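Each value in this text was obtained by applying a stated rule to the coordinates, not by laboratory testing. The structure presented is a predicted model; accordingly, all values stated were derived computationally and were not measured. In this analysis, Cβ positions are derived from the backbone assuming ideal geometry, glycine residues included, and neighbour counts consider all displayed protein chains.
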Amino acid sequence: MLAAWCLTAAEPVQAADPRPVGLWIPGNPDGLAARQMTFLTKRIEERLPHRLQILPQTGAACPPEAELLAQIKDGRIDLATMGDALIDEVPRLSVFRLPWLFANRDHVQRALYAGLEDEIRTHVEQSVPLIVVGIYENGFRQIRADRPIAAPDDLTQRKILVNEGRKLRDLWRALGAVPQKYPTADAAEALEKGIVDSFDGHLDTLLRLPIGERAPVITLTRHVYEPTFLVASKRFWHSLDNAERAALTEIGLDFSDTAAQLAGTYQDSLSKRLPRKLRLMAMSPHPFAPITAQHRVAYERAYGSDWLDLIDAAAEGEAAR
């Protein structure tokens, strides 16, 4: 009996297998969000070795954002990235639908550091049953068309393919354009039939459109900034222990700088690989300043000025440098 006990005591304790955690990333499997989440996953697994195994799901296997948001709220999935769906769900997030509000990505980052990120986290978590793990850069939206955009009149009656984002379509209507929903895969058909003449999206989305050379200009309009929100279901979050929640919270905050650096590198690499005859044209935001002012006034009447004050202070900080 003693010998048997000694043998048993000498056997190593088998470590439990890491817990599988689904991370849903809608959009292009080689897009910016998927690349950012690859790096974030490595940080989580390094910080919590053998505890969580993050399993990214993207591409055709991933449902649209609106469906993911419903599943996060119901606790049916663990983690997901999203943008438009959450902005549509939480009215105050329409600060990201104020046209030409942010000067550049550094302006956004400064505002987030100055307290905007904390305000957003608190407000979203009070409004929707989920946890905001991180808010990361997805860059600015641009326009692809047959001619550049230089002035507000260039937007009048422009038929723009805008598949995602109810508030984004509302913005285009307010700017005098005519937003259209149409399958992105059929963009060439929509252009040929005159259903659309322009396309709204991030740079990588616009470069992948199946329209050949019939829309040879991407105007870097930067009309709205598009954040990526990494969110967790409350069911998943409350299933973690205190150490795991603390680690994910810290990683989620610290990853912001890396996400911004990845976004800058990604856009630079896309710009260097432009197809022949496709031009990037930078648009000056100055002719659109009165439009921004009008939308700001409407937003402030609805939601107050505290978030706008943080954004303004961040802009003033840049001007003082």
Neighbourhood charge, 15 Å Cβ-Cβ cut-off, centred on Pro129 and excluding it, Lys, Arg +1 and Asp, Glu -1: +1
In nm, to one decimal, how far is the modelled label at Asn242 from the one at Val90, with both set 7 Å along Cα→Cβ? 2.7
Distant-in-sequence amide H partners of Gln180 (H built 1.01 Å from N, under 5 Å): Ile160, Leu161, Val162
As a footprinting exposure proxy, order Tyr299, Tyr136 by other Cβ within 10 Å, with the fewest listed first. Tyr299, Tyr136
Value of relative contact order over region 203-288, rounded to a whole percent, pairs C-alpha under 8 Å and six or more apart: 69
In terms of modelled amide H atoms, which long-range or inter-chain residues lie less than 5 Å from the amide H of Met281? Ile218, Thr219, Leu220
Can you tell me the orientation of helix 306-320 relative to the chain, as the angle in degrees between its alpha-carbon axis and the longest Cα principal axis, to the nearest 10? 80
For the chain, calculate the relative contact order in percent as a whole number, restricting contacts to Cα pairs under 8 Å that are 6 or more residues apart. 25
Roughly what angle does helix 289-303 make with the longest principal axis of the chain, taking Cα atoms, 0 to 90 degrees, to the nearest 10? 50
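Using Cβ counts within 10 Å as a stand-in for footprinting exposure, how do Ser239, Ser269 rank, fewest first?
Ordered by Cβ neighbours within 10 Å, fewest first: Ser269, Ser239.
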Pairwise label distance in nanometres, Ala61 with Glu300, each label 7 Å out on the Cα-Cβ vector: 4.9
Suppose every Lys and Arg Cβ carries +1 and every Asp and Glu Cβ carries -1, with no other charges. What dipole size does region 18-320 come out with about its Cα centre, to the nearest 20 debye? 760
Positive-pole candidate from Phe255, Pro129, Trp100, dipole of the chain, charges at beta carbon: Trp100
Once the Cβ-Cβ distance between Gln126 and Lys277 is put in as r, and R0 is 41 Å, what FRET efficiency do you end up with, to the nearest 0.05? 0.25
Just to be sure I understand: with springs between alpha-carbon atoms less than 10 Å apart, which residue in Pro183, Pro56, Pro148 has the highest mean-square fluctuation in the Gaussian network model of the chain? Pro183
About its Cα centre, how strong a charge dipole does region 45-153 have in debye, to the nearest 20, once Lys and Arg get +1 and Asp and Glu get -1 at the Cβ? 160
0 to 90° range, to nearest 10: angle between helix 242-272 axis and the chain longest Cα axis: 40
Estimated FRET transfer efficiency (His286, Glu46; beta-carbon r; R0 56 Å; 0.05): 0.80
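Tally Lys/Arg at +1 and Asp/Glu at -1 over every other residue whose Cβ is under 15 Å from the Cβ of Lys73; what's the total?
-4
Quick one: net charge around Val178, please, counting Lys, Arg +1 and Asp, Glu -1 for every other residue with C-beta under 14 Å from its C-beta.
+1
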Lys/Arg +1, Asp/Glu -1 at C-beta; the chain dipole; positive extreme among Gln109, Ala315, Thr221: Thr221
For Arg208, Arg110, which order do you get if you count the other beta carbons within 10 Å of each Cβ and list the fewest first? Arg208, Arg110
Just to be sure I follow the rule: in region 35-190, considering lysines 8 or more places apart or on different chains, how many pairs have Cα atoms under 23 Å apart? 4
If you take mean projected area of the Cα convex hull in nm² from the coordinates, which of [x] 16.0; [y] 22.0; [z] 20.2 do you get? [z]
